[in-house]
Amino acid sequence: MPFRKYAATPLDPHFRENLFRFARKQVCSDLAANRVVQRTIEVLCHEPELLDGRDVNETIFALLRRHAFEETNLLASRTSKNSRYVFAQGAEKRISTDI
């Protein structure tokens, strides 16, 4: 899905759909994919000079992959914190019932 070099690319409705399809393969949910796509488009809108490079597709997908990686790490860290908390609560209950 090659993208053309022009400043209005991030505003193209098909652009968002294509990014979403790619992002959905990188993250675990539609909600996370939407956040990744939104962050990618916001960066491209604030820094349109990123679209001036030689390989626009490589730039766009590298940016999207970076945001997907950050999103995945954020979700993983939240999940691991929650599981430790639940485990700690279970351990406290077990200790309190044994005494």
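Quick note: the coordinates plus some simple rules give every number you see, no bench work behind them. Values in this document were obtained by computation on a predicted structure and should not be read as measured data. When we count neighbours, we look across all protein chains shown, and the Cβ atoms used for this are built from the backbone with ideal geometry, even at glycine.
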**Request:** Apply the Debye scattering formula to the range 9-72, with a single equal point scatterer on each alpha-carbon and no solvent, then give log10 I(q)/I(0) at q = 0.12, 0.26, 0.29 Å⁻¹.
**Result:** -0.25, -1.14, -1.35
**Estimated FRET transfer efficiency when R0 is 25 angstrom, pair GLU58-ASN34 (beta carbons, to 0.05)** = 0.65
**Asked** Going by how many other Cβ atoms sit within 10 Å of their own, how do LEU64, LEU31, LEU50 line up, fewest first?
**Response** LEU31, LEU50, LEU64
